[in-house]
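Engineer: Just passing along the structure, written as structure tokens.
Every number here is computed from the coordinates shown, using simple stated rules; none is lab data. Predicted, not measured: the structure shown is a model, and the values here were computed from it. Glycine gets a Cβ as well: all are built from the backbone with ideal geometry, and neighbour counts include every protein chain shown.
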Amino acid sequence: MIELTTPISEEDAAKLQVGDTVELSGYILCGRDAVLPRVIKMIEEGTIDDLGVDLRGQVIFHTAVSPAGVGPTSSNKLEIESSIAPLSKAGIRLHLGKGRLKQETIAALEQYNAVYAVIPPVTALLGSKTSEEKVIAFPELGMEALHLIKVDKYPAIIGAAHGRSIYDQDI
Amino acid sequence: MTRTYEEIVTLVRDTLVLAGSTFREDKKEAYRRAITAERNEKARWVLEQILENAEVAGRELSPLCDDTGIPHLVLEVGEDCALTGKMLDAIREGVAEGLRLLPGRPMGIMGDDRERIDQSGGLNPDSAGVEPAPILLRRCSENVIRLHILMFGGGPAIRAKTYRVFHKHDTQVVLDEIVNWACEAVGQLGCSPCTLGVGVGRSHFEAASMMLEAFAEGRYDEQSEMEQEITRRVNESNIGPLGLRGDTSVIATFMKVGPQRASGVRIVCVRPSCCFEPRIAAVELS
């Protein structure tokens, strides 16, 4: 078991291999279909600093944040998967979700020294490991706004790293 | 025994919370068997996480999954039991209270027909804004009114399929098609292992109704020959928990075959319920 705490260093990100089991702690961002295209637009327009969160070494968890808790949505939805390359370029080092990614996305992760991790959809368990949550941007999106949460030992498996995918090999 | 309006509301509320937060014992046992039998280390780790999640959710009566689902109701009515409109109102109110208590994810969409399709009417911030699907009514042999509450999530709904199968006067042809559909659906779902719900009927409505009844009646420790065959063959696909490979793609199959017509076609409904579904609980209201 590898313990990771945000912000994740370039060295720690580079060491992660497909199939590694990790426990993730610290503050992480949460966003999905509705909000990620807006974050990308901020990056393109040069206004990302307005978020007030340094994206370097950060984690983005593909989830809504609602009174029911958190849990991964499919990372291969169009708006989510297309955010992975530009967010990695902007400094995100770990994308947390579920489902198989395209080869071009996996290549982009490698290019920017980022990884993709699969997290089981264990909402009750994650609730017991989540201590803080707040809206960072786009509050009008409700549960789909960009959130920042504090987590303690979220369980995950590295699903894509260094050009390889866990879905394309025996583990 | 006649129950008051308030008693029914409370019973339905608490049953919905149970449905959304607990694994029945036969399901826990099925997971324990799967953990023991699973040869893939990562797959076994995922199964253990799912079971631990169920223990935490059951203990705290909190949601098993953040997609808390759409309430689907099956109402059974016994011989001498009278079902009134007032009782249906109480059930509806109990569902709303249950969604607030669970709490359900506030994902009801507001607005007129057009706005509800494209989601431009906005989200209802009230968990109870998620309205239940139409009630499925059926006769039962016991002299009771019994309500089954099932919470259906979005992922399985995306991957489920209801379509016609030309059976060529051979049941194996239909089973083969069910396995093909299930392998494709389970592979795409991402939240395996699944419990497959299968309904076979004469129309799309009837096939989907049979699928719902299959979930209401199904037990993990009682599997028919056809159910076992479907489960075994999908598990041979090596999709595994969360699609990470392994022996456990499907925990069980619940199948119900309704009346059929003299025809070369059967209408089949296959729903790949996720690792937490069927989130189900039942209560007697009379």
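Engineer: If I model region B:5-284 as equal point scatterers sitting on the Cα atoms and use the Debye formula, what is log10 I(q)/I(0) at q = 0.09, 0.12 Å⁻¹?
Structural biologist: -0.43, -0.78
Engineer: Right, here's the next one. Could you line up A:51, B:73 from fewest to most neighbouring Cβ atoms inside 10 Å?
Structural biologist: On the way: A:51 16, B:73 22.
Fewest-to-most ranking of A:51, B:73: A:51, B:73.
Engineer: Another question, then. Project the alpha carbons of the protein assembly as shown onto their principal axes and report the range along each, largest first, in whole Å.
Structural biologist: 70, 49, 41
Engineer: Which order do the peptides A:63-70, B:20-27 take when ranked by the mean count of other beta-carbon atoms within 10 Å per residue, highest first?
Structural biologist: Highest-to-lowest ranking by the protection proxy: A:63-70, B:20-27.
Engineer: Moving on to the next point. Could you list, bin by bin from short to long, the percent of Cα-Cα pairs of region B:175-274 in 5 Å steps?
Structural biologist: 3, 15, 25, 24, 18, 9, 4, 1, 0
Engineer: Between residue B:131 and residue B:24, what FRET efficiency follows from the Cβ-Cβ distance if R0 is 30 Å, with the result rounded to 0.05?
Structural biologist: Given R0 = 30 Å and the Cβ-Cβ separation, E is 0.70.
Engineer: Within a 10 angstrom radius of the beta carbon, how do B:166, A:61 rank from fewest other beta carbons to most?
Structural biologist: B:166, A:61
Engineer: Sort A:48, A:166, A:158, B:158 so that the residue with the fewest other Cβ atoms within 10 Å of its own Cβ comes first and the one with the most comes last.
Structural biologist: Taking fewest neighbouring Cβ atoms as first place, the list is B:158, A:48, A:158, A:166.
Engineer: Between residue B:83 and residue B:113, what length in nm is gained on full extension when 0.36 nm per residue of separation is reduced by their alpha carbon distance? Intermediate values should be presented prior to the final figure.
Structural biologist: Values: separation 30, 0.36 × 30 = 10.80 nm, distance 3.08 nm.
Roughly 7.7 nm would be gained on extension.
Engineer: Further question on the same structure: Quick check on chain A: what does the Kirkwood estimate of hydrodynamic radius come out to from the alpha carbon pairs, in Å?
Structural biologist: For chain A, inverting the mean 1/r across all distinct Cα pairs yields 15.6 Å.
Engineer: OK, next. Over region A:78-118, with a single point scatterer placed on each C-alpha, what log10 of the ratio I(q)/I(0) does the Debye formula yield at q = 0.27, 0.29, 0.31, 0.34 1/Å?
Structural biologist: Debye output, listed in q order: -0.92, -1.08, -1.23, -1.44.
Engineer: Would you calculate the separation in nanometres between label points at residue B:161 and residue B:232, each defined as 7 Å from the Cα along the Cα-to-beta-carbon direction?
Structural biologist: Taking the two extended label points, one gets 2.3 nm.
Engineer: Same structure, new question: Extending each Cα 7 Å along its Cβ direction at residue B:101 and residue A:1, get the distance between those two points in nm, one decimal.
Structural biologist: Taking the two extended label points, one gets 3.5 nm.
Engineer: If you don't mind, there's one more thing I want to ask. On full extension of the chain, what length is gained from residue B:39 through residue B:5, given 0.36 nm per residue of separation minus the C-alpha to C-alpha distance?
Structural biologist: 7.1 nm
Engineer: Please report the Cα spread of region B:98-178 along all three principal axes, rounded to whole Å, starting with the longest.
Structural biologist: The Cα atoms of region B:98-178 stretch 51, 41, 22 Å along the principal axes, largest first.
Engineer: Can you tell me the Rg and the Dmax, both Å, for the Cα atoms in region B:85-219?
Structural biologist: Spelled out, the Cα radius of gyration and Dmax of region B:85-219 are 17.9, 51 Å.
Engineer: Here's another thing I want to ask about it. Check which residues have an amide H placed less than 5 Å from residue A:61's amide H, if you skip close sequence neighbours.
Structural biologist: Amide H neighbours of residue A:61, under 5 Å, 5+ apart: A:29, A:30, A:31, A:96.
Engineer: Positive end of the dipole of region B:153-216, charges at C-beta (+1 Lys, Arg; -1 Asp, Glu), about the Cα centre: which of B:157, B:192, B:169 has its Cα farthest in that direction?
Structural biologist: Positive-end residue among those listed: B:157.
Engineer: No other cysteine beta carbon under 4.7 Å away is the test; run it over chain B and list who passes.
Structural biologist: For chain B, the answer is B:65, B:81, B:140, B:183, B:194, B:269, B:275, because their Cβ atoms have no other cysteine Cβ under 4.7 Å.
Engineer: For the cross-link pairs A:98/A:134; A:129/B:256; A:98/B:168; A:102/B:161, which exceed 29 Å when the distance is taken from alpha carbon to alpha carbon?
Structural biologist: Distance filter (> 29 Å) returns A:129/B:256; A:98/B:168.
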